[in-house]
Amino acid sequence: MTISITQNTRETARFMRFAVVGGIGTVVDFGVLFMLKEIIGLPLIAANSLSYLAGVVNNFTLNRHWTYADVPKKALGRQFLQFLLVSTAGLLLNNLIVGLMSAPLGDLLNLPDTGYLVAKVLATGIVVFWNFIINRMWTFS
């Protein structure tokens, strides 16, 4: 019984660290997205993909050295590749949600020019669970 409580507490703390890292990564992601789309003028999906990648690099670094500091380290290249594969699947899901929901959410909320940001919030909320579960089971196992 004590082992499961200890493990549960450890994983809860780990998820909280993962959430903090994700929050930082989200700020990076959203900031880069806004800059690339609104200032530079890249198309939405290209800007979203690049901004997501900036968040991935940030999140991998912080997760490797803080969230999963107690987990034995795999070779850096191998572990980054695993993280990148999980994140790429997350990116595909993220792009799908952003692409499909930007206009409907923009119309629903009367925000036709910024509906993509609302869709991005929705996508981020969904993808965070995918990323945590798969990274915990595979990348940082």
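Throughout, read-outs are computed from the coordinates displayed, never taken from laboratory work. Just so you know, these numbers come straight off a predicted model, no measurement behind them. In this analysis, Cβ positions are derived from the backbone assuming ideal geometry, glycine residues included, and neighbour counts consider all displayed protein chains.
Summarising the label geometry, the points placed 7 Å from Cα in the beta-carbon direction at residue 138 and residue 10 lie 2.3 nm from one another.
Students often get this wrong, so try it: which of [x] 31, 17, 12; [y] 23, 19, 15; [z] 21, 19, 15 is semi-axes √(5λ) of the Cα gyration tensor in Å as calculated from the structure shown? Checked against the structure: label [x]. Segment 1-70 and segment 111-138 have Cα centres lying 10 Å from one another. Take the Cα of residue 17, step 7 Å toward its Cβ, do the same at residue 110, and the gap between the two points is 4.6 nm. Would you list, by chain and number, the lysines whose Cα falls below 16 Å from the Cα of residue 120, excluding same-chain residues fewer than 8 positions away? Candidates past the 8-residue exclusion: 37.
Fully extended, how many nm does the chain gain between residue 69 and residue 38 (0.36 nm per residue separation, minus their Cα-Cα distance)? Please list the in-between numbers first.
Working: separation 31, 0.36 × 31 = 11.16 nm, distance 3.70 nm.
Taking residue 69 through residue 38 to full extension adds about 7.5 nm, to one decimal.
Label positions at residue 30 and residue 46, each projected 7 Å from the Cα along the C-beta direction, are separated by 2.5 nm.
In a DSSP loop and with at most 14 other Cβ atoms within 10 Å, the trypsin sites (Lys or Arg not before Pro) in segment 10-108 are 73.
Between 0 and 90 degrees, the angle of helix 44-62 with respect to the longest Cα principal axis of the chain falls at about 20 degrees. Quick one: helix 115-134 against the long Cα principal axis of the chain, what's the angle to the nearest 10°, folded into 0 to 90? The angle comes out near 20 degrees. Does anyone have the angle between helix 76-108 and the longest principal axis of the chain? Alpha-carbon axes, 0 to 90°, nearest 10? With rounding to tens, the tilt is 40 degrees.
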